[in-house]
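**Q** There's a structure below that I have some questions on.
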Amino acid sequence: MNQELAEITALQAVAYILGQEKQRDWLMNETGLSPSDFIQSADSPEILAGVLDFLLAHEEMLIDFCSAQNIDPAQPAKARRFFPGAVLEY
């Protein structure tokens, strides 16, 4: 895992969540952001960190995301370490 792959993984998570109405609404309710606010700042490191945190906190969504992207379920946790506020374990 490197910074570039971490950013790609996080952006894929953004696209996945925004593409799923239930998950998008859930994220918007938890963050208080509007969809337009979120889209305008979706590439900020803090937003990407928050999206990965959201994904990592919801196992079923995480599994669905990783399956849809054909990636190892550990990849989002590895990617999270490259963004602000990372903790050592997820």
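None of the figures in this text is laboratory data; all of them are computed from the coordinates on show. These numbers come from a predicted model, not from an experiment. Positions of Cβ are backbone-derived with ideal geometry, glycine not excepted, and every protein chain shown enters the neighbour counts.
**Q** What is the sum of charges around ASN2, taking Lys and Arg as +1, Asp and Glu as -1, for the other residues whose C-beta is under 14 Å from the C-beta of ASN2? Show your work: numbers first, answer last.
**A** Working: positive: LYS78, ARG80, ARG81; negative: GLU4, GLU7.
Charge balance in the 14 Å sphere: +1.
**Q** Same structure again: Mind ranking 67-80, 27-40, 4-17 by how tightly packed they are, going by the mean number of other C-beta atoms within 10 angstrom, highest first?
**A** Values: 67-80: 15.6, 27-40: 13.1, 4-17: 18.6.
Ranked by mean Cβ neighbours within 10 Å, highest first: 4-17, 67-80, 27-40.
**Q** Right, next: Can you tell me how much longer the chain between SER36 and LYS22 gets when fully stretched, taken as 0.36 nm per residue apart minus their C-alpha distance, in nm with one decimal?
**A** That pair, SER36 and LYS22, stretches by 3.4 nm at full extension.
**Q** A further question follows. Toward the positive end of the charge dipole of the chain, about the Cα centre and with charges on Cβ (Lys, Arg +1; Asp, Glu -1), which of ALA79, ALA15, MET1 goes farthest?
**A** Farthest towards the positive end: MET1.
**Q** Quick one, which of (1) 11.9, 32; (2) 17.3, 57; (3) 16.3, 55 is the actual Rg and Dmax of the Cα atoms in Å calculated for this model?
**A** Computed from the coordinates, Rg and Dmax of the Cα atoms in Å corresponds to (1).
**Q** What does the charge add up to near PRO35, with Lys and Arg as +1, Asp and Glu as -1, over the other residues with Cβ less than 12 Å from its Cβ?
**A** Surrounding charge for PRO35 is -2.
**Q** May I pose another question? Distance between Cα centroids, segment 10-28 to segment 36-74: provide it in whole Å.
**A** Their Cα centres are 7 Å away from one another.
**Q** Now, a different point. Could you please report the charge total around GLN23, scoring K, R as +1 and D, E as -1 over all other residues with beta-carbon less than 11 angstrom from its beta-carbon?
**A** So the environment of GLN23 carries a net charge of -3.
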